Amino acid sequence: MNLVIEADGGSRGNPGPAGYGAVVKDPDGQVLAEAADSLGVTTNNVAEYQGLIAGLRSALSLGGEGATVEVRMDSKLVIEQMAGRWKIKNEGLRPLAHEAADLARRLRVTWKWIPRERNRDADRLANEAMDAAARGGKWQATTLPTPALTGQLKDHAPAAGAESRAPAATRPAGEPVATTAAASTRPGPKSGSGWMGPAATATTFLLLRHGETPFSVDRRFSGIGDPELTPKGVAQAEAAAVRLSRPPYELEVIVSSPLRRARETAEIVAARADLKVAVDDGLREVDFGAWEGHTFTEIQRRWPDELAAWLADPSVAPPGGESFDQAALRVQDARDRLLLEHKGKKVLLVSHVTPIKLLLRFALLAPPAALYRMHLDVASLSTVDYFPDGPELVRAFNDTSHLR
């Protein structure tokens, strides 16, 4: 099917209070979905990218994988960067551009710059979101009449974790369709409060950190190095395996980081669950570079300036290593891929501190700084449910009851 996305974002001050808006239309100009939200204090370009991301998510919800989409924006910078004709020089925009590109690859997208006067709908929504935030409130969706979509929209559930909502093809004719606020870091599901789960079947990710290693005993940075489990770590994995072999877990899939400590933990669980272990490189730990194997105190003494910068900014990488922002893109890719491959199943992901924290942060809509405010014990279990028609729900965090 053919869809048109019109997206915009603005900032009153640049940087200043910001918001975005996005509209999805059919080729005749009928509005099928709207999305808008405020973003706090940020720049015009960040807001424009957020508008694009919201529009792409809505288009995926409406048309599904492979839908033909024309993206229209009055931001020359965003259009040219997404089309690959301009380089992305601002590092702050790079993660947003990667997120937009990942979504665009799931569609058949063409990019078109339009003058501002032809982008009034998206501009209006962005300003409505900023106005609502200035009043201390939140943008409230209007109600749109259901368009005549028979023969155009397929009965397609939105991609798991999709945050902007669109009308379903199976809605009775004439029933109103409500649009919702949405952003790449904010949800817009029908039951977005999270107080009660949607009716659709969830894909459940059970997030198990590997068991104890010599590095975790000594509290050393353990990234892509490959220590094995200690005897205590093996016992922790076996305790987790006993727990996960009982109801209500009923594992259907086990996926592990490629690193030995995670694979050993996963194999112990798999033996009891009578399942095979798949390996996904996206679940590996962050690369700590020169800090690998060192304690925090040692790093503080040898790299004080680099450590201070790393603790203050997720985009900063350890010397020769990987930043949390870079890891986030890798983990997002793995999450989206695994959700598509195992829709509706209970999936055990055996991984490490950083990937598990990132998955929890994404589900909680928490800022990057939240990574520094979480603690995960070895062999701890956390759980996230992903609904095709609702929010991501964190059901457990750092649960170690099986180790007592």
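Here is how the numbers come out for the structure above:
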item: Alpha-carbon centroids, the range 229-301 and the range 7-73: separation in whole Å; result: 39
item: FRET efficiency, N398 to E91 (Cβ-Cβ, R0 35 Å, nearest 0.05); result: 0.65
item: Low-density loop positions, GluC sites (Glu not before Pro), the range 22-74 - DSSP coil, at most 16 other Cβ in 10 Å; result: E65
item: Partner lysines for K112 [C-alpha distance under 29 Å; skip if fewer than 8 residues away on the same chain]; result: K25, K76, K87, K89, K154
item: Per-residue ³J(HN,Hα) for the range 86-95, Karplus 6.51 cos²θ - 1.76 cosθ + 1.60, θ = phi - 60°, Hz, x for Gly and Pro; result: 10, 6, 8, 8, 7, 5, x, 8, 4, x
item: Cα gyration tensor shape of the range 203-403, rounded if a/c is under 1.5, else prolate or oblate by comparing a/b with b/c; result: oblate
item: Pairwise label distance in nanometres, L364 with K276, each label 7 Å out on the Cα-Cβ vector; result: 3.6
item: Fraction of antiparallel bridges per DSSP, the range 10-124 only, in percent to nearest 5; result: 65
item: Neighbour-count order for D333, D37, fewest beta carbons within 10 angstrom listed first; result: D333, D37
item: Exceeding the 19 Å Cα-Cα cut-off - candidates K276/K357; K232/K357; K276/K345; K232/K276; result: K276/K357; K232/K357; K232/K276
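None of the figures in this text is laboratory data; all of them are computed from the coordinates on show. What you see is a predicted model; the values in this text were computed from it and never measured. In this analysis, Cβ positions are derived from the backbone assuming ideal geometry, glycine residues included, and neighbour counts consider all displayed protein chains.
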